[in-house]
1. Could you go through region 208-213 in sequence order and give the Karplus-derived ³J(HN,Hα) for each residue, using 6.51 cos²θ - 1.76 cosθ + 1.60 with θ = phi - 60°, rounded to whole Hz, and x for Gly and Pro?
2. Residue 255 to residue 181: extension gain in nm, 0.36 nm per residue of separation minus the Cα-Cα distance?
3. Could you list which residues have their amide H under 5 Å from that of residue 210, counting only those 5 or more apart in sequence or on another chain, with H placed in the peptide plane?
Amino acid sequence: MGLLECCARCLVGAPFASLVATGLCFFGVALFCGCGHEALTGTEKLIETYFSKNYQDYEYLINVIHAFQYVIYGTASFFFLYGALLLAEGFYTTGAVRQIFGDYKTTICGKGLSATVTGGQKGRGSRGQHQAHSLERVCHCLGKWLGHPDKFVGITYALTIVWLLVFACSAVPVYIYFNTWTTCQSIASPSKTSASIGSLCADARMYGVLPWNAFPGKVCGSNLLSICKTAEFQMTFHLFIAAFVGAAATLVSLLTFMIAATYNFAVLKLMGRGTKF
C-alpha cells in the first residue's frame, strides 16, 4: 500500500497538460522531419526525371532542398531537447503551484529521488563526495533556470510564431501536389471537363520551382497522367500531407505548452506577491 500511495501521489503531481503536449510535440516533429525529408528527396527525383533535362535548370533547387534537409536535422534535435526541458519545467512549476494550493505534498518517493540524485549518504568518501557535489551543482543550476517560467513563456511564444510560419509554408507543397493531382483526375475523366486533354498541364515554373527558361518545365496530357499514376508521385504527395499534419500537431503542442506555462507563471507571480484567489 505504501508503494501504491506513493505512485498515486506522484501521479497527482504530474503535469498532464505538459505530458500530453510533450508526446504530441515529439510525434509531430518526428512526423514533420521524417516525412518532410523523404518528400523533398522524392520531389528532387520527380523534377530530374520529368520536368527538366538540363542540370543547370534545377541545380539551385537541389541546393535549396539539401539546405532544407540539413535544417530538418537541426529542427528535430532542437525540438526533442526543448520538449524535454518544457516537460521538466512543467513538473517543476506544476509542483510549485499545487504546493501553493495545498494539493501536493512531498512524499517518500520524492525524498528518495532527491537522495538518489544528490548521492544520499553514500557520498562519504572523497570520490563519492566529489560526484555528489557535481550532481548537486548540475541539479542546482538546472533548478535555478527552471525556476524562471517567464523565460519559457517568452521563448515558447516566439517559437510558436516561428512555427506558425513553418506550418503555413508546409501547406505550399501540399497545395502544389493537390493541384497536380486534380489536373490528373480531369485528364482521366475528360467528360467532366470542357478543356482538351492536351491543354491540361502541370507547370513547375509557375510555382517558382524551376526558372522560366527551363525545358520542358511542364508536362501535359497523357504524359502528366502517367506521372500521377507512378508510385513515386503518390508517395511524395502523401509524405507532404503527413509532414503538414506533423507541423499542425507540433503547433498544437506549442500552444498547449504556452498556455500551461503562462498559467503556472501567472499563479506563481501573483501568489508570490500575496494576491489571493
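1. x, 6, 10, x, 5, 8
2. Once the chain is fully extended between residue 255 and residue 181, it gains 23.4 nm.
3. Residues meeting the amide H criterion: 205.
Bear in mind that the values in this text are calculations on the coordinates, not laboratory data. Predicted model only: the values in this text are computed from it and were never measured.
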